[in-house]
Structure formats: structure tokens, C-alpha cells
Amino acid sequence: MENSKNLRKWLDDMNLDHPLVIAGPCSAETEEQVLKIAHELKDTDVNYFRAGIWKPRTRPGGFEGVGALGLKWLQKVREETGLKTATEVANKDHVKLALEYDVDLLWIGARSTVSPFIIQEIADELKGTDKIVLIKNPVNPDLALWLGAVERLYNAGIKNLGVIHRGFSTYEKTKYRNIPEWQLAIELQQRFPDLPIINDPSHITGKRDMVHEVCQTALDLNFDGLMIETHHDPENAWSDAPQQVTPASLIKMMKDLKVRKQNDPEQAFNNEIGTLRSQIDVIDEQLLESLGKRMKISDAIGQLKEAHNVSVLQSSRWNEILGRMILEGEKRGLSEEFVLKLFKAIHQESINHQEKIVNH
Ligand code: PEP
Ligand code: MN
């Protein structure tokens with residue numbers, strides 16, 4: 001991956017004046033459905049028409065896709081609309097068939113990226129192809145696993161590569177279906193600035209109402225494109241119904257999203273500062289999230305203290321925390337003065353919370 005300069009050639013060659021857009025239904029359901037959506041996306045900013053034909057469902061019993069039959073429908077999409085086509089491949093048989101039917105872009109799903117065995121099998125079957133291959137992040141927030149998959153494909157001689165950020169699963173209840181963990185995508189961008197990165201707001205949010213805001217964040221963070229699940233009748237989609245948008249709302253969204261021009265030299269400074277500020281915004285949000293979580297734990301400690309009639313201020317414990325944090329802060333280039341101020345403020349807030357609990 002050292003000489004990975006040509007990784008974004010396929011994207012640069014497209015000469016787009018907007019972010020790359022991959023849109024289409026979660027699943028190909030019927031020939032009629034596929035063609036109807038494709039025709040509604042024709043002559044828009046959409047570059048690739050997506051449709052899953054082999055659907056990995058978390059639990060058996062859901063719609064598992066139409067299978068190879070859908071490949072013929074994708075060919076028809078290209079013939080009738082001129083849209084390039086994209087589908088997910090999850091094993092060597094899928095790869096063989098997708099290449100045979102000349103699908104333009106293949107992506108590897110989150111459930112496959114977790115398995116180096118599967119990735120190697122797919123890489124071996126793809127050897128030498130000039131098709132575009134995009135790798136979704138693994139289900140779990142593990143950057144090494146994601147990079148490992150990219151490397152396996154790169155080593156198999158696949159040079160038209162990119163990644164898709166679709167969020168990560170978490171046991172915690174959040175407003176997302178898969179939490180974005182933006183800092184992971186940012187780290188990947190920093191390690192491989194030439195690797196195109198596409199955002200998938202549909203699987204991150206799980207809700208169509210939130211798709212727009214996640215698209216905007218991705219564009220602010222300099223993502224190269226968007227993959228958005230789009231269906232002519234989202235409510236009645238056979239899979240992922242709550243998150244799909246209509247072609248009309250996709251088109252409107254593309255108009256409303258603010259895209260910063262990437263290659264206008266006068267804009268370079270603004271672009272760079274905009275990206276850095278978006279990264280700071282992401283981290284600030286995480287800081288607050290972590291502080292909120294810390295305060296909840298502190299509340300639970302307050303309740304325990306009350307039940308056992310123990311005093312709120314525990315000086316030795318507090319001194320131990322401070323000493324440790326000053327050392328940890330130093331390792332990260334943070335001054336003792338700052339760490340002291342910060343932790344005193346956090347500690348004071350904890351005490352205020354616990355006082356309220358003890359004296360309720
Ligand atoms: C999909 O794109 O329809 C899909 C199954 O996505 P993921 O692999 O991100 O769950
Ligand atoms: Mn889906």
C-alpha cells in the first residue's frame with residue numbers, strides 16, 4: 001500500500017463536479033421495481049445504480065435476495081438508462097457471476113469485512129480485475145480489520161479501490177442504527193489520503209429523516225462520495241424500509257447539500273480549515289458524550305454512597321486520579337496546569353451531582 005498514489009485514479013478519471021453518488025434500492029426485488037427506480041435516477045447526479053441481490057440478513061427468515069437472476073436486471077438498467085451498476089459480493093461464486101455479467105462496481109459488505117478468510121477468497125477470485133471494488137467497514141469498530149481487507153485486495157492486484165463508511169454496531173442504544181465513530185474514518189483518511197472514501201448514511205442512520213444531516217457531515221469531512229439507499233416506495237421495501245429515501249427526495253437532497261469545491265486553489269485554505277473544524281466538532285461531541293457517561297457512573301456511585309452512608313468526598317481516591325491524569329496528560333502534550341483545571345472542574349461537577357443524590 002506504500003505506492004498507493006494511483007488508488008483514486010478511477011475517481012479522478014470520472015472528472016465529476018460533485019461527490020460520487022451511488023444510489024438505488026437496498027435489495028433488487030423485481031425486475032419492474034429495479035427498472036422503475038433506475039429510470040427515476042436517470043439524468044440526475046447519480047453515477048452508479050446499486051441493488052443488493054445477495055442479501056446477508058442478520059437473522060435467517062428475512063428476504064435473502066433474488067440471487068443471480070438480479071444480474072440480468074442490472075444489465076437492463078445499464079442498457080436502458082446508461083447508469084453504471086453496483087452490487088454486493090460476499091463469496092467467490094458471487095464474484096464469478098458479477099464479473100460474468102459485467103457489473104461495473106462491486107462492494108464488499110460489513111459482515112464480510114470482519115472475516116479475513118472471506119476477504120481472501122473474494123480477493124483471489126477478483127485477481128487482475130479492473131472493476132471498482134469498495135470495501136465497507138467491518139461491523140465492529142476495528143480499523144486494522146478494515147485496512148487488512150484493503151491490503152488483501154491491493155495485494156491481489158486490484159487497484160481501483162475505495163472504502164465505504166457505513167457505521168459500526170454497538171450494544172448501546174443510540175439515535176443511529178450503526179454509530180458513525182467519525183474519528184475512525186478520519187484516521188483512515190489520514191493514513192491513506194489517496195484511498196477514496198464514500199459515506200453510507202442509510203446504514204449509519206437507519207432512518208430516512210436523518211440521512212441528510214449525516215451526508216452533510218460526511219461532505220464537511222471531505223468524503224469523496226455517498227451511497228444512499230433509494231426506493232420508489234420505501235415504506236413497502238422488502239428490506240431496510242425505514243431508511244430508504246425516494247428518488248425525488250434524493251434529488252432534492254443533492255441540490256440542498258453544501259459541497260465545498262475541492263480543486264479551486266483559492267478555496268484551498270477554506271477547504272482545509274473547514275475540514276479541520278469539522279474534525280474538531282466531531283471530537284467535541286465525543287468529549288461531551290464521554291463526560292455525560294462519566295457523570296451517569298458518578299451518579300451511580302453517589303447512590304451507593306448514600307445507601308452505605310459514606311461521605312461524598314473521598315480525598316485519597318481523588319488524589320490518585322489527579323496524579324494519574326497528570327502523567328497521562330503529559331504523554332499527550334497537555335500541560336499539568338490544564339489537566340488540573342480540567343479535572344477539578346469535572347470533579348466539582350461530580351460532587352455537585354452526588355450532593356444532590358445524597359441530600360435529595
Ligand atoms: C447494503 O448495502 O445493503 C448492506 C447490506 O450493507 P452493510 O454491509 O453495510 O450492512
Ligand atoms: Mn440495506
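Between the Cα long axis of helix 208-220 and the first principal axis of the chain there is an angle of about 80°, rounded to the nearest 10.
Within the straight-line cut-off of under 18 Å between alpha carbons, the lysines reachable from Lys341 are Lys331, sequence neighbours fewer than 8 places apart in one chain being disregarded.
The range 281-360 and the range 195-210 have their alpha-carbon centroids 35 Å apart.
Cross-link check: pairs Lys9/Lys76; Lys42/Lys127; Lys9/Lys84; Lys9/Lys36; Lys76/Lys207; Lys305/Lys356 evaluated at a Cα-Cα cut-off of 20 Å; pairs beyond the cut-off: Lys9/Lys76; Lys42/Lys127; Lys9/Lys36; Lys76/Lys207. Amide H to amide H, with H built 1.01 Å from N, Val21 comes under 5 Å of Asn47, Tyr48, Leu226, counting only residues 5 or more places away or on other chains.
Within the listed set Val211, Val245, Val312, the Gaussian network model of the chain (springs between alpha-carbon atoms below 10 Å) gives the highest mean-square fluctuation for Val312. Note on the chain: antiparallel DSSP beta bridges, both residues inside, total approximately 5 percent of the bridges counted.
From its DSSP helices (H runs of at least four residues, each -39,500 (n - 2.57)), the chain gives a residue-normalised ellipticity at 222 nm of -16000 deg cm²/dmol. Extension gain for Glu355-Lys173 works out to 62.7 nm (0.36 nm per residue, less the C-alpha to C-alpha distance). When only Cα pairs below 8 angstrom with a gap of at least 6 residues are kept, the range 161-234 shows a relative contact order of 33 percent. For a test of the definition: using alpha carbon positions, the gyration tensor, and the 1.5 limit on a/c, classify the range 5-259 as rounded, prolate or oblate. Taking the square roots of the gyration eigenvalues as a ≥ b ≥ c, the range 5-259 is rounded. Once the Cα atoms are used to define both axes, helix 143-155 deviates from the longest principal axis of the chain by about 30 degrees. By how many degrees, 0 to 90 and rounded to 10, does the Cα axis of helix 182-191 deviate from the longest principal axis of the chain? Roughly 70 degrees, rounded to the nearest 10. The stretch between Arg191 and Tyr101 holds 28.9 nm of extra length on full extension. This uses 0.36 nm per residue minus the Cα-Cα distance.
Here's the picture: a label point sits 7 Å out from the Cα of Asn140 along the beta-carbon direction, and within the range 98-122 the residues with their amide nitrogen under 19 Å of it are 109-120.
Values in this text are rule-based calculations from the coordinates and carry no lab data. Every value quoted in this text rests on a predicted model; they were computed, and no experiment measured them. Positions of Cβ are backbone-derived with ideal geometry, glycine not excepted, and every protein chain shown enters the neighbour counts.
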